[in-house]
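> The structure is given below, and queries will be raised subsequently.
The values are calculated or read from the model by the stated rules, or taken from the named source; none is laboratory data. All values derive from a computational prediction rather than experimental measurement. All Cβ positions, even for glycine, are placed from backbone atoms using ideal geometry, and neighbour counts span all protein chains on display. Accessible surface is based on the protein model in full, side chains and every heavy atom, while ligands, DNA and RNA are left aside. Shrake-Rupley method; radii C 1.70, N 1.55, O 1.52, S 1.80 Å.
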Amino acid sequence: MSSESAVVFGVDARGVATMTLNRPQRHNAFDDRLIAELTETLQQAAADPAIRVLVLAAGGKSFSAGADLDWMRRMADAGRDENLQDAHKLSALMDALDRFPAPTVAKVQGPAMGGGVGLIACCDIALVADSATFALSEVRLGLAPAVISPYVIAKIGASHARRYFVTAERFSARQALAIGLAHEVVEPQDLDAAVVAMLSILLANGPRAMRAAKALVAAAAESRDAAALRASTAGVIADLRASEEGREGLRAFLEKSPPRWIG
């Protein structure tokens, strides 16, 4: 096994973290090592309040080919209990990315299959090269996209999930845009510029406010108690208005000057 890290991670002076899948020779396919490194990296990054945005990228031609064949062979020879433990580890990865406190941007430069689609679905914003393709191909192997299903369904809706989960058909970046998996589709040579432009937009916003806004979406989607949700959202805006960041944002707006978090 290569000693090279399966994940490359770094944070720049602006607070932009970049997490890059680093198994290009295996098309960034999932195995137990990649899952463990991604999960550990996400958990450590989530605890760092200086991180303002997380970019999820991939090295090589593919974003992620889904499950690694050697890993799948090992799991096929394992019993149910071992497979259950393994599935829980993948579930923990998806949850860590889905609940990452700062905004997340998926930079999708190539094909994404199975679990790779799950990673994209867990990100807040997906910027996709026009040449990328997608598939939820598990049923072709006699499996199902089980662990990633809550995140994919939340992103593309039940109607599209009912189609692509059972057909395993490959679809284009433009179709990914149409069903809500992608937010922007650009020519491959323009993908870097699209990420730079999105980061410029995000970094103009209050760091604490963006985290609160992201949490609002999750809270509203998960809440079944309208009164509790109203009370919670009122508390959020009251906290932000009274915060140093909120006061700074209002001051900058009234004085028509940039807030301190820019530059």
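> If you take the residues in region 74-87 that are part of a helix (DSSP H, G or I) and open to solvent by less than 40 Å² (accessible area, probe 1.4 Å), which one is farthest from Ala168 (Cα to Cα)?
Here is the first cut: in region 74-87, the ones part of a helix (DSSP H, G or I) are 74-76, 80-87.
Next cut, open to solvent by less than 40 Å² (accessible area, probe 1.4 Å) only: 75, 86-87.
Values: Met75: 21, Asp86: 23, Ala87: 20 Å.
Among those that are part of a helix (DSSP H, G or I) and open to solvent by less than 40 Å² (accessible area, probe 1.4 Å), it is Asp86.
> Collect the residues in region 224-257 that are assigned to a loop (DSSP other than H, G, I, E, B) and exposed (fewer than 11 other Cβ atoms within 10 Å of the Cβ), keeping them in residue-number order.
Start the filter on region 224-257 by keeping residues that are assigned to a loop (DSSP other than H, G, I, E, B), which leaves 224-225, 243, 256-257.
Across region 224-257, the qualifying residues are Arg224, Asp225, Lys256, Ser257.
> Among Ala221, Ala209, Ala182, Ala215, which is the only one that is more than 22 Å from Ile51 (Cα to Cα), in contact with a helix residue (DSSP H, G or I) (Cβ under 9 Å, 6 or more places away or on another chain), touching a residue at least 40 places away in the same chain (Cβ under 8 Å) and in a helix (DSSP H, G or I)?
Numbers: Ala209 fails: more than 22 Å from Ile51 (Cα to Cα); Ala182 fails: in a helix (DSSP H, G or I); Ala215 fails: more than 22 Å from Ile51 (Cα to Cα).
Exactly one residue qualifies, and that residue is Ala221.
> Can you tell me which residues in region 125-145 are crowded, with 20+ Cβ neighbours inside 10 Å and charged (D, E, K, R)?
Glu138, the sole residue that qualifies.
> Taking region 88-124, which residues are assigned to a loop (DSSP other than H, G, I, E, B) and either open to solvent by 20 Å² or more (accessible area, probe 1.4 Å) or touching a Leu at 6+ places or on another chain (Cβ under 9 Å) (or both)?
Within region 88-124, the subset assigned to a loop (DSSP other than H, G, I, E, B) is 99-103, 109-111, 114, 123-124.
Result: Arg99, Phe100, Pro101, Ala102, Pro103, Gln109, Pro111, Gly114, Cys123, Asp124.
> Take Asp48 and decide whether it is charged (D, E, K, R) and modelled with pLDDT of 95 or more.
Numbers: charged (D, E, K, R): yes; modelled with pLDDT of 95 or more: yes.
Yes.
> Which residues, taken from region 1-53, are within 19 Å of Gly110 (Cβ to Cβ), open to solvent by less than 50 Å² (accessible area, probe 1.4 Å) and either over 13 Å from the mean Cα position of the chain (by Cα) or in contact (Cβ under 8 Å) with a residue 60 or more places away in the chain (or both)?
Ala6, Val7, Asn22, Arg23, Asn28, Ala29, Phe30, Asp31, Leu34, listed by residue number.
> Checking the structure you have, find out if any residue of region 54-73 is open to solvent by 20 Å² or more (accessible area, probe 1.4 Å), at pLDDT below 95 and of a type in the set (Lys, Arg).
Yes, region 54-73 contains a residue that is open to solvent by 20 Å² or more (accessible area, probe 1.4 Å), at pLDDT below 95 and of a type in the set (Lys, Arg).
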